[in-house]
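Structure first, commentary second.
The values are calculated or read from the model by the stated rules, or taken from the named source; none is laboratory data. Model, not experiment: these values are computed from the prediction. Positions of Cβ are generated from backbone atoms using ideal geometry, with glycine treated the same way; all protein chains shown enter the neighbour counts. The protein model used for the area step is the full one, side chains on, heavy atoms only, and it has no ligands, DNA or RNA in it. Shrake-Rupley method; radii C 1.70, N 1.55, O 1.52, S 1.80 Å.
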Amino acid sequence: MTVHLAPASSPGSVFELGSRLLHEAFHRTLSPMVITDTTGQICHVNPAFEQATGYTLSELRGKQPTVMHSRMQSSDFYRRMWTALLQEGRWQGEIWNRRKDGRLFREWLSISALQQADGEVTHFLGVYSGLASSQLAEAQGEDYGGIDAVTGVLGRHAFIKAAQRLHAGTGPLAFMALDITGFTDINEHHGLYCGDGLLRQVAHRCTQAAALSGAECVVGRVGSDEFALAWAIGSVDGEDRPRDEVHRMADQMRLAVATRYQLDSGRSVDLRVSVGLAVLPRSARQAANQTGFEPGAADALLQASAARQAPGVANCGMQHYEGLEAERQLTRALREDIVAGRLDVVFQPKVNLGTSAPVGLEALCRWTGPDGQAVPPSVFIPLAERHGLIAELGDRVLESVLRSLARWHEGHLVLLPVAVNFSAAQFKRPDVVARVEAALARHRVPPHLIELELTESVLLEDFEAAVTTLQGLRRLGVTLSIDDFGTGYSSLAYMRRLPVHGIKIDRSFVADLVGDDRTRHVVATVINLAHRFGMQCVAEGVETFEQVQVLLELGCEQAQGYFFARPLGADALAPILAGRTPWIEVVVAPDLANRVH
């Protein structure tokens, strides 16, 4: 439908209406209205529009409606709108805009072309109204995702969509995740009604801070007590803003929120928040050309949330997205190599300190990263734990060890028990005993040739359940030991009840064994207690003859470390399995210790 204009009755008016009645209706209606010329410049708005948006006519006159752009709609959205206006003379649909204070609002917009009597279009009239129930249901099916019912800001899905569009239009974004400390306590002490009121106040502070920052910004409630802000950090010359400026803006936003609030109950609370920062750089789309994956707003939001620091930290902890993407690529490569069986297993001999003869081996995992460089276990093991790969990694190592044992048996080599690190993820499986039993049967390896090493912290998390699992494993015939003893939460009351065969003295104690009387006393106590409980002791990380001497004096039965041998591949291990032990002369003749390495 088009509206025809009559000749002007008031030459001095900003726009020409055919009657005083229409002029009064325009100004008195409760529906926000805006009139633009054919180029899209705002000519007039009514008082309802000023009240709804916070902008005055003097601030808007001569400007494009994009001054209220929310970036919730794509450029294709506006192209379709203008095509409909030019071809049909009207358009209607849901639209998101931004108030002057930075808050987003969603309404139903109807635009009609205003024509002179001769049919020439001279203006466009836009009328805003609330969404009817049918329109709202239809809009919720769109990809905008909706606003949070409690606070009026974007919900999580809509926030991510809006931030993604902002990134596509402006380039690099800074993300801040802001979590209310102790919000559950506030709800419990003051009631849910007051809690919701507090959330609305926090949302308002966030949008105010965003508006005052001067940057293009989106605000959302992304969790029950977590808000998020994403703002453009590109400067006029196209360069990314420096880190200190991002910190400054983030601190301003944090301080605007972490203040005193008046609750609806009449009481006040001082709010504390924890914050985290992440950056989605301009190069995120360039990374997609190399990896096939384009990092986006959801990933940056997750990184910011993970980077949250304790309340009161003046300088927000920022983690650049490049670091997240580097970890993502490394994790992907690790997952692929685990599945493909491309990780290597090496073996370090365990030696009887009394006879210097090899009495066992420890299997250790080694990985060469995608760049051809060795990745330290201290890097890829925690990586596997963080990303849920550690159980699969442990299974692969156990399978590799069993294959090696079967191959050595076929080669008529001496078979030594092999210790394998057994992760918490493997140990806590409900069918862990059946899995180990099946693996042994699959390779026809006698159970006594496998030793499972578990950390004491894992065993003590759920002690009774751990004892039950250990008893099941022990009935299979495998050997059980506690790795890195003394670095966790040792409890003598628990230790005497654990059905394990031995403990490993952590390398941190062995390193200080010579020259530190306190460490020596601690190790002596551990060895004595282990013997009282019927367990053997293995010292790991032994590197000097002096350490060997002290361990012998203290009664430690076994040791492993560079003093005896570095970890060796399965093929390089053959001479040792055949009986050749190059370290024996060093243990027997101390003056030859310099021959080691």
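Rounded to 0.05, the FRET efficiency of the Ser356 and Glu385 pair, given R0 = 30 Å and the Cβ-Cβ distance, is 0.25. The label point for Thr83 and the one for Glu188, both projected 7 Å from the Cα toward the Cβ, are 5.7 nm apart.
Here r is the Cβ-Cβ distance between Ser457 and Asp101 and R0 is 51 Å; the resulting FRET efficiency, rounded to 0.05, is 0.50. Computed extension gain for Ser508 through Asp431, at 0.36 nm per residue and net of the alpha carbon distance, reaches 24.3 nm. Here the label points at Glu336 and Ala256, each 7 Å from Cα along the C-beta direction, are separated by 4.4 nm in the simple model. Between Thr368 and Lys63, the modelled label-to-label distance comes to 6.1 nm, taking each label 7 Å out from Cα in the direction of the beta carbon. For the set Arg328, Arg28, Arg566, the ranking by accessible area, highest first and with no ligand, DNA or RNA atoms included, is Arg28, Arg566, Arg328 under a 1.4 Å probe. Max-minus-min Cα coordinates of the range 440-482 on each principal axis give 33, 16, 13 Å, with the largest extent listed first.
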